[in-house]
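One structure is given here, and the rest of the page talks about it.
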RNA sequence: GGGGAUUUAGCUCAGUUGGUCAGAGCACCUGCCUUGCACGCAGGGGGUCAAGGGUUCGACUCCCUUAAUCUCCA
């Protein structure tokens, strides 16, 4: 059975059990500071389990794309080395929210595996929670009982498991419960006869594996650690799709299934290194296949590789694959992007976002590959230098600090460093390297240490009511608060029963403002959303938190933000009209000051196109289109209205639709009521942000006016300075031409003046011993010309001693120069001389032994200084 | 969020305790020689040394602030 069929069988099986099939949530998580990626099928239902949100359906099933880069089975550096680690995987899951429980969950799992998929019963094992006396939790006899009726007499296929394997918890507190894992024994008959499967479960054998975990959520763990029974019990299951396919397709490795084989075959073809012939090549192919999948899906979800947080994780994964291609397969040019059509072919059916964005994903990956190959090239040059130096000094032990610098500052992978060292019969001081790495880790950890104290709950409230769409002030009560210490600074997080403050979301920044009661006023510096809570940041805690407060949003900032947000929608619409419908939003930032919009487009946006977009948006502003907002619109209805939805964005069942004429978007942000109040829209920059992604920044309203006025004022100033009513452009180009010819003239004149001054000096030069002293006070010359003159004389007369000075606008400059021969015979040093006489002009000086300069504030002292220096020369002659 | 690095001509980059130091190669322009696959020779144009402050007689160079990019860690 093909992988795509297996997935379909799963979904249709649970559809037949009255489950609603929902699409996979995006793999990249946007609005949860605690989690960057979806790492389990249940993530998107977290709020339901926490009781923050009612379930839309009692029974749900889906296939969820997940990403894990750390954890016991998913350490990034392990992927590819063996046959079962992955960064990205799919998890098949079925859920019951207060509906069916252990009996159905177990029976259906059994039915699906043994009847639908036909896995031999004698190869299946199930584990149940053995109980925990300390917590006073009994063995899960209930689950064991249902398993018994499945396995019948084969009772040794039911195995007790410890708290570690068979008790699932969401976090330190919250919903939890016992679970039952289903394991499959894929070993050969002879091996199984030798050592029965029930002894092999959970021993880490690659062919005796867990494929499905059924979690029975029946407890809530309170902050004190004690468990309480939940009134509503839930089922949460997760089955590793890749493993299941390996079982069904009778393979020894996930990578041998038809999920990965096409990719691996393509990789083998492109690199010319067949799979299955060479261990090193095979590892590289597995790494490439796994990582390409992860990166492609992330980009499809709108997460581009970047240099921090989630984007950085993606970049690191891609680079790891490039590294394997580079060292193991000898690939020196980008190639992974060319495997994308194969991926789309195998997975694009179930995940349409892949096919829809193939073009941009390809470009992004190719660009990233190129960028990393450049980084590698630079690193290679640096390490070669260091190796050469070490070789010359006869050493063979490469310092750990150097390797760390290459790695930390220039991103040069340490395993590549080791490879190169081996080729040069050198070794790396690994201990020193690791020590440096640890220093860096500790520093980062210390910095990141934020201690959030427990919430102080004043009132129980499920979620905050946002009232800010139609008002900027409201009467509120604080329902909970907590103290947060971050880098020695104390802040407070406040949660209200209702709030007019908009929490940062959808690119729009959080509101600022204050809350006030009868006798105090507290500033709110930012507002963010954490799951279902709207958190207000405050520098201090009210003296009486339980008092009622008036919450007041900075309404002028809010109005500016609304102008920019609406303008963003209008521009998005205009961009699609001007450039084409391939324009997809890739990112957005809306602040009171400006708006920034990233979108997919493959060429530079020409000035003409920019102008056209601006014109369209301003036209929509002048037409004063009223806003139309529909709250709680079902998703499909919204899409039918032509609303633009974003890939990689998770929408609930009901969405908010914001439209201005033809611009229709799903959006939770705050907007103006009529486009006319935007006033004016002006694009201030356009540029590239990644391959196939452009960025536009723009301003509106008073910001746009200020921008234009600034430009106009500059132009007015220029025109005024030109004292001409003519075209300033023509005037300036004329000026520039004049300027350049004048500069040449001046240069010539200065040269001849310097030559003339030199001649005069030469005429007045005094022969003293074997040297000639050129001394004197020149006028109206800069220090630079003085230097030039001295230099010229030095060059033409190696027996010269030059001591000259000039006064310029109350400042005195002096230069002392020595010809090569003069310096040799007298043993004089220009630096010492100039320092000795600089005091006479109240200044200081220095330079090189043969040519030194000085400057001071007392031009009157110049003649004395020169005389003194001449005196010094005469003394040694 | 923290550490490190980078920012110099259109491009790729040199620039040594602060002082004839604003450079090279490629590209461009002109002329000559040649007609050809990176031709050669001679000459030339092109710079806010990322931005803004500061120290100094003097700053590409030292200090501070800011920005962008790269990179590692969280």
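Answer yes if at least one residue in the range A:12-26 is touching a residue at least 24 places away in the same chain (Cβ under 8 Å), in contact with a helix residue (DSSP H, G or I) (Cβ under 7 Å, 6 or more places away or on another chain) and closer than 26 Å to residue A:507 by Cβ, and no otherwise.
Yes, because at least one residue in the range A:12-26 is touching a residue at least 24 places away in the same chain (Cβ under 8 Å), in contact with a helix residue (DSSP H, G or I) (Cβ under 7 Å, 6 or more places away or on another chain) and closer than 26 Å to residue A:507 by Cβ.
Filter the range A:331-343 down to the residues that are in a loop (DSSP other than H, G, I, E, B) and either modelled with pLDDT of 90 or more or closer than 12 Å to residue A:267 by Cβ (or both) and list them by number.
Within the range A:331-343, the subset in a loop (DSSP other than H, G, I, E, B) is A:331-335.
Listed by number, the residues that qualify are A:331, A:335.
Hey, among the residues in the range A:851-870 that are within 15 Å of residue A:776 (Cβ to Cβ) and in contact (Cβ under 8 Å) with a residue 40 or more places away in the chain, which one's farthest from RNA strand B (Cβ to nearest atom)?
Residues of the range A:851-870 that are within 15 Å of residue A:776 (Cβ to Cβ), as a first pass: A:859, A:862-870.
Next, from what is left, pick out any that are in contact (Cβ under 8 Å) with a residue 40 or more places away in the chain: A:859, A:862-863, A:865-866, A:869-870.
Values: A:859: 13, A:862: 13, A:863: 18, A:865: 13, A:866: 16, A:869: 15, A:870: 20 Å.
Residue satisfying both the conditions and the ranking: A:870.
So for the range A:23-33 (the condition being at pLDDT 85 or above, under 18 Å from residue A:100 (Cα atoms) and part of a loop (DSSP other than H, G, I, E, B)), does at least one residue qualify? Walk me through it before giving the result.
Within the range A:23-33, the first condition is being at pLDDT 85 or above, and the residues that meet it are A:23-27.
Applying the additional criterion that residues be under 18 Å from residue A:100 (Cα atoms) yields none.
For the range A:23-33, residues at pLDDT 85 or above, under 18 Å from residue A:100 (Cα atoms) and part of a loop (DSSP other than H, G, I, E, B): absent.
For the structure I just gave you, tell me whether residue A:517 is more than 16 Å from RNA strand B (Cβ to nearest atom) and either modelled with pLDDT of 80 or more or closer than 29 Å to residue A:586 by Cα (or both).
So residue A:517 fits the description; yes.
Working carefully through the options A:484, A:495, find the one that is part of a strand (DSSP E or B), more than 12 Å from RNA strand B (Cβ to nearest atom) and buried (at least 18 other Cβ atoms within 10 Å of the Cβ).
Values: A:484 fails: buried (at least 18 other Cβ atoms within 10 Å of the Cβ).
It is A:495.
When residue A:346 is evaluated against the numbered criteria (1) assigned to a helix (DSSP H, G or I); (2) touching a strand residue (DSSP E or B) at 6+ places or on another chain (Cβ under 8 Å); (3) away from RNA strand B (no atom under 11 Å from the Cβ); (4) closer than 30 Å to residue A:242 by Cα, which criterion, by number, is the only one it fails?
Among (1) assigned to a helix (DSSP H, G or I); (2) touching a strand residue (DSSP E or B) at 6+ places or on another chain (Cβ under 8 Å); (3) away from RNA strand B (no atom under 11 Å from the Cβ); (4) closer than 30 Å to residue A:242 by Cα, residue A:346 violates only (2).
Condition test on residue A:816, is it surrounded by 24 or more Cβ atoms within 10 Å (Cβ to Cβ) and in contact with a strand residue (DSSP E or B) (Cβ under 6 Å, 6 or more places away or on another chain)?
yes
Kindly establish whether residue A:761 is touching a strand residue (DSSP E or B) at 6+ places or on another chain (Cβ under 6 Å), part of a helix (DSSP H, G or I) and touching a residue at least 40 places away in the same chain (Cβ under 8 Å).
Yes; evaluated as a whole, the condition is true for this residue.
In the range A:36-62, what residues are crowded, with 19+ Cβ neighbours inside 10 Å and at pLDDT 90 or above?
Those that are crowded, with 19+ Cβ neighbours inside 10 Å and at pLDDT 90 or above: A:59, A:60, A:61, A:62.
Part of a strand (DSSP E or B) and in contact (Cβ under 8 Å) with a residue 60 or more places away in the chain: is that true of residue A:206 in this structure?
Considered against the rule, which asks whether it is part of a strand (DSSP E or B) and in contact (Cβ under 8 Å) with a residue 60 or more places away in the chain, residue A:206 comes out as no.
Among the residues of the range A:143-159, is any without any contact (Cβ under 8 Å) to a residue 24 or more places away in the chain, touching a strand residue (DSSP E or B) at 6+ places or on another chain (Cβ under 9 Å) and under 20 Å from residue A:219 (Cα atoms)?
Yes, that holds for at least one residue.
Just to be sure before I move on: is residue A:359 loosely packed, with under 15 Cβ neighbours inside 10 Å, more than 11 Å from RNA strand B (Cβ to nearest atom), within 27 Å of the chain's Cα centre (by Cα) and touching a residue at least 60 places away in the same chain (Cβ under 8 Å) in the structure I sent?
Answer is yes for this residue.
Starting from residues that are in contact with a strand residue (DSSP E or B) (Cβ under 7 Å, 6 or more places away or on another chain) and modelled with pLDDT under 80, keep the ones in the range A:630-648 and report whichever is surrounded by the fewest Cβ atoms within 10 Å (Cβ to Cβ).
Just the residues of the range A:630-648 that are in contact with a strand residue (DSSP E or B) (Cβ under 7 Å, 6 or more places away or on another chain), to begin with: A:630-635, A:638, A:641-646, A:648.
Then keep just the ones that are modelled with pLDDT under 80; that gives A:644-646, A:648.
Numbers: A:644: 19, A:645: 13, A:646: 19, A:648: 22.
The selected residue is A:645.
Mind listing just one residue for me: the one in the range A:299-310 that is outside any loop (DSSP other than H, G, I, E, B) and near RNA strand B (Cβ under 9 Å from one of its atoms) and, of those, surrounded by the most Cβ atoms within 10 Å (Cβ to Cβ)?
A:310
If the requirement is being surrounded by 17 or more Cβ atoms within 10 Å (Cβ to Cβ), farther than 20 Å from residue A:326 by Cβ and within 12 Å of RNA strand B (Cβ to nearest atom), which of these qualifies: A:412, A:404?
A:404 is the lone residue from the list that is surrounded by 17 or more Cβ atoms within 10 Å (Cβ to Cβ), farther than 20 Å from residue A:326 by Cβ and within 12 Å of RNA strand B (Cβ to nearest atom).
Can you tell me which residue in the range A:326-343 is surrounded by the most Cβ atoms within 10 Å (Cβ to Cβ), limited to those that are touching a residue at least 40 places away in the same chain (Cβ under 8 Å) and within 16 Å of RNA strand B (Cβ to nearest atom)?
Initially, the range A:326-343 is screened for residues touching a residue at least 40 places away in the same chain (Cβ under 8 Å), giving A:326-333, A:335-336, A:338-340, A:342-343.
Narrowing further to those that are within 16 Å of RNA strand B (Cβ to nearest atom): A:326-327, A:336.
Details: A:326: 20, A:327: 16, A:336: 24.
Going through the qualifying residues, I end up with A:336.
Based on this model, can you work out whether residue A:443 counts as out of contact with any helix residue (DSSP H, G or I) (no Cβ under 6 Å at 6 or more places or on another chain), away from RNA strand B (no atom under 16 Å from the Cβ) and farther than 30 Å from residue A:495 by Cα?
It is false that residue A:443 is out of contact with any helix residue (DSSP H, G or I) (no Cβ under 6 Å at 6 or more places or on another chain), away from RNA strand B (no atom under 16 Å from the Cβ) and farther than 30 Å from residue A:495 by Cα.
Assess whether residue A:287 counts as being under 16 Å from residue A:82 (Cβ atoms) and not in a loop (DSSP other than H, G, I, E, B).
Working: under 16 Å from residue A:82 (Cβ atoms): yes; not in a loop (DSSP other than H, G, I, E, B): yes.
When the stated conditions are applied, residue A:287 passes them.
Taking the condition surrounded by fewer than 16 Cβ atoms within 10 Å (Cβ to Cβ) and in a strand (DSSP E or B), does residue A:160 pass?
yes
Where in the range A:765-850 are there helices (runs of 4 or more DSSP H), lying wholly inside it, with at least 3 residues that are within 15 Å of RNA strand B (Cβ to nearest atom) and touching a residue at least 24 places away in the same chain (Cβ under 8 Å)? Steps first, please.
Details: elements: A:783-796, A:820-826, A:830-838.
Once the helices (runs of 4 or more DSSP H) in the range A:765-850 are filtered for at least 3 residues that are within 15 Å of RNA strand B (Cβ to nearest atom) and touching a residue at least 24 places away in the same chain (Cβ under 8 Å), what remains is A:783-796, A:830-838.
Could you list, in sequence order, all residues of the range A:415-436 that are within 15 Å of RNA strand B (Cβ to nearest atom), within 18 Å of residue A:379 (Cα to Cα) and in contact with a helix residue (DSSP H, G or I) (Cβ under 7 Å, 6 or more places away or on another chain)?
Correct list: A:416, A:417, A:433.
Within 16 Å of RNA strand B (Cβ to nearest atom) and buried (at least 21 other Cβ atoms within 10 Å of the Cβ): which single residue out of A:314, A:288 fits that description?
The match here is A:314.
Please specify each residue of the range A:49-65 satisfying the condition of being in contact with a strand residue (DSSP E or B) (Cβ under 8 Å, 6 or more places away or on another chain), within 15 Å of residue A:232 (Cα to Cα) and without any contact (Cβ under 8 Å) to a residue 60 or more places away in the chain.
If the condition is that a residue be in contact with a strand residue (DSSP E or B) (Cβ under 8 Å, 6 or more places away or on another chain), within 15 Å of residue A:232 (Cα to Cα) and without any contact (Cβ under 8 Å) to a residue 60 or more places away in the chain, then A:55, A:57, A:58, A:59 are the ones that fit.
Taking interchain pairs and intrachain pairs at least six residues apart, which have beta carbon atoms under 6 angstrom, with the first residue in the range A:367-378 and closer than 15 Å to residue A:314 by Cα and the second part of a helix (DSSP H, G or I) and within 9 Å of RNA strand B (Cβ to nearest atom)?
If the second residue must be part of a helix (DSSP H, G or I) and within 9 Å of RNA strand B (Cβ to nearest atom), the pairs left are A:372/A:319.
For the range A:189-203, what are the residues that are at negative phi, assigned to a loop (DSSP other than H, G, I, E, B) and surrounded by 10 or more Cβ atoms within 10 Å (Cβ to Cβ)?
Scanning the range A:189-203 gives A:195, A:196, A:200, A:201.
Does at least one position in the range A:251-260 carry a residue that is within 30 Å of residue A:599 (Cα to Cα) and out of contact with any helix residue (DSSP H, G or I) (no Cβ under 6 Å at 6 or more places or on another chain)?
No: zero hits.
The values are calculated or read from the model by the stated rules, or taken from the named source; none is laboratory data. Predicted model, so just to flag it, every value in this text is computed and none were measured. Ideal geometry is used to build each Cβ from the backbone, glycine not excepted, and the neighbour counts take in all protein chains shown.
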